[in-house]
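Chemist: For reference, the structure I am asking about is given below.
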Amino acid sequence: MTEATLTAPPAGHTPDAAVGTIPAPAETGLVHRRGRWIDGWDPEDPDQWERTGRAIAKRNLVWSVFAEFLGFVIWQLWSIVAVLLPTAGFTLDSSQIFWLISIPSLVGATLRIPYSFLVPIFGGRNWTIISAALLLIPAIAMAICVGNPETPFPVLLLVAALAGFGGGNFASSMSNITYFYPQREKGWALGLNAAGGNLGASVAQFVVPIVVTVGAGVAVNLPLAGWIWVPLIVIAMIGAALRMNNLSAAKADFSGSAAALREPHLWVLALLYIGTFGSFIGFASVFPKLIADQFPSFSSIGVGSASVSLAFLGALVGSLARPFGGRLADRFGGARVTIGVFAAMAMMTLAVMLVIPTGQFWLFLGCFLLLFAAAGAGNGSTYRMVPVVFALRGDGDAATGGDVSSKRKAAAALGLISAIGAYGGFLIPQALNLSKLGTGSYTGAFFVFVLAYVALLVLTALVYGRTRSDGFRI
């Protein structure tokens, strides 16, 4: 369809007759206008949803997932590149490598807060184009910097910090998709969006070692770790421009965010999400380094080859487990599943701590993958708890999301909690770094993680573990 400039309609004409608008069939109530804006969007209207809404929402979801996937790729790129830098001729100590691994998570978590408000300001399609374009900066900067072993550490750290742009994409992508789907299908759509994005961490850790070790080797090929993503980012920008839409119905809810911040349960749930998602992203980013440090016998290119060939399995398992955690929460209650998750995480972390001194790599890998699976399931179960808790705090029915005020606070809380939880991606690597610097091993950090998971288990049980008088389970 050709889009013309929107002008005021002549006297006697209805708004649908305005120049530049392209009304859909009258019964859907949708109007398409210049810039791929859609007016009249109401996914809760079953007639509109079945006639045209579902197809539009699916198309936007596909490109949202692709753009968010690339965001996670860039966000977690340094988790593998930092481990390969010594092989490429860089002189860095262990602590500096930990900082290169963790700084993208610190910046990405912080950016999630403003990113969650930008979709209503710019439009979902427009912001997807902009946020994807921003990924070109850290990708190209990395490619340039890692090609020169004389690059100073502060410059490497700055470029690694720019990768935080990718971490912010999660918040805006989830915010955008929230507007497209009706309440009854929102959970599934957001789950797909989140899982598709999370897979980017695994793909980055799988693809980069293959690309940089083929042919000339790491010292020559390492810049490809950044360059290979540039064409895909451009495709995401073009796809978003041609296939996605902006919704005029999407409005920034600053008052809802302010109300959510005053709700004590936001902070409790944020702590739980640090324990689950924070553990997932933190362990995913540091997994290659842990394997390289603890199992140097798996070396073929100057770094633990296990770290460059198998480390991707952690992020993969955690990403795939997330939707199952949500499904289990729907069936048994989010609190029960989260309690079980923290119990499993405590046991698996303790097992990892005990296995490391034995030097049994495959046993270590198996225990850690179970830890990733538990953390991934916990991502889904804790995220599912948020709208339920806020609905019960309001005056509505938890099964339908509560009253309007509860839904607004829950929507705002989801964005804020996702931002706070992402700080775990910084805290976990830095805890391991401090343990290594202070004691020469990672045992102290793993012991602290065990205690934290037990404390979070108790907190979940005390606050949310009891069945309500009406029989409903959070």
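The values are calculated or read from the model by the stated rules, or taken from the named source; none is laboratory data. On a predicted model such as this, the values are computed, not experimentally measured, just so you know. All Cβ positions, even for glycine, are placed from backbone atoms using ideal geometry, and neighbour counts span all protein chains on display. Just so you know, the surface numbers come from the protein's heavy atoms only, side chains and all, with ligands and any DNA or RNA stripped out. Shrake-Rupley method; radii C 1.70, N 1.55, O 1.52, S 1.80 Å.
Chemist: Is there any pair with a first residue in region 89-101 that is under 18 Å from Val218 (Cα atoms) and a second that is in a loop (DSSP other than H, G, I, E, B) and open to solvent by less than 10 Å² (accessible area, probe 1.4 Å) whose Cβ atoms are under 9 Å apart and which are 6 or more apart or on different chains, and what are they?
Modeler: Once the first residue is under 18 Å from Val218 (Cα atoms) and sits in region 89-101, its partners that are in a loop (DSSP other than H, G, I, E, B) and open to solvent by less than 10 Å² (accessible area, probe 1.4 Å) give Phe90/Val146.
Chemist: Collect the residues in region 233-252 that are closer than 26 Å to Ala422 by Cα and surrounded by 17 or more Cβ atoms within 10 Å (Cβ to Cβ), keeping them in residue-number order.
Modeler: Ile233, Ala236, Met237, Ala240, Ala250
Chemist: Going through Ala225, Ala195, Ala189 one at a time, which residue ends up being assigned to a helix (DSSP H, G or I), open to solvent by 10 Å² or more (accessible area, probe 1.4 Å) and touching a residue at least 12 places away in the same chain (Cβ under 8 Å)?
Modeler: Ala195
Chemist: One residue is enough: does region 142-153 have a residue meeting the conditions of a type outside the set (S, T, N, Q), in contact with a helix residue (DSSP H, G or I) (Cβ under 8 Å, 6 or more places away or on another chain) and within 20 Å of Val65 (Cβ to Cβ)?
Modeler: Among the residues of region 142-153, not one is of a type outside the set (S, T, N, Q), in contact with a helix residue (DSSP H, G or I) (Cβ under 8 Å, 6 or more places away or on another chain) and within 20 Å of Val65 (Cβ to Cβ), which makes the answer no.
Chemist: Can you tell me how many residues within region 365-379 are under 12 Å from Phe287 (Cα atoms) and surrounded by fewer than 23 Cβ atoms within 10 Å (Cβ to Cβ)?
Modeler: Looking only at that region, the number is 2.
Chemist: Identify, by number, the condition in (1) within 22 Å of Ala171 (Cα to Cα); (2) among the hydrophobic types (A, V, I, L, M, F, W, C); (3) over 22 Å from the mean Cα position of the chain (by Cα); (4) open to solvent by less than 30 Å² (accessible area, probe 1.4 Å) that Ala284 doesn't meet.
Modeler: (3)
Chemist: Has region 248-270 got at least one residue that is within 19 Å of Gly166 (Cα to Cα) and out of contact with any helix residue (DSSP H, G or I) (no Cβ under 7 Å at 6 or more places or on another chain)?
Modeler: Scanning region 248-270 turns up no residue that is within 19 Å of Gly166 (Cα to Cα) and out of contact with any helix residue (DSSP H, G or I) (no Cβ under 7 Å at 6 or more places or on another chain).
Chemist: Pull up region 130-149, narrow it to residues that are touching a Gly at 6+ places or on another chain (Cβ under 8 Å) and either of a type outside the set (A, V, I, L, M, F, W, C) or outside any helix (DSSP H, G or I) (or both), then point me to the one that is surrounded by the most Cβ atoms within 10 Å (Cβ to Cβ).
Modeler: Ser131
Chemist: Is it the case, given these coordinates, that Ser202 is among the hydroxyl-bearing types (Ser, Thr, Tyr), modelled with pLDDT under 95 and closer than 22 Å to Ile129 by Cβ?
Modeler: So Ser202 fails the test.
Chemist: Okay, next question. From the list Ser406, Ser418, which residue is surrounded by 21 or more Cβ atoms within 10 Å (Cβ to Cβ), at pLDDT below 95, under 20 Å from Gly187 (Cα atoms) and more than 23 Å from the chain's Cα centre (by Cα)?
Modeler: When all the criteria are applied, what remains is Ser406.
Chemist: Still on this model: Please determine, by comparing only the residues of region 259-281 that are over 20 Å from the mean Cα position of the chain (by Cα) and open to solvent by 40 Å² or more (accessible area, probe 1.4 Å), which one is nearest to Phe117 (Cα to Cα).
Modeler: In this case the residue turns out to be Leu261.
Chemist: Residue under question is Val203, and the condition is that it be among the β-branched types (Val, Ile, Thr) and either open to solvent by 60 Å² or more (accessible area, probe 1.4 Å) or more than 17 Å from the chain's Cα centre (by Cα) (or both); does it hold?
Modeler: For Val203, the condition - among the β-branched types (Val, Ile, Thr) and either open to solvent by 60 Å² or more (accessible area, probe 1.4 Å) or more than 17 Å from the chain's Cα centre (by Cα) (or both) - is not met.
Chemist: Have a look at Thr382, Thr349 and point out the one that is closer than 17 Å to Leu432 by Cβ, polar (S, T, N, Q) and touching a helix residue (DSSP H, G or I) at 6+ places or on another chain (Cβ under 7 Å).
Modeler: Checking each option against the conditions leaves just Thr349.
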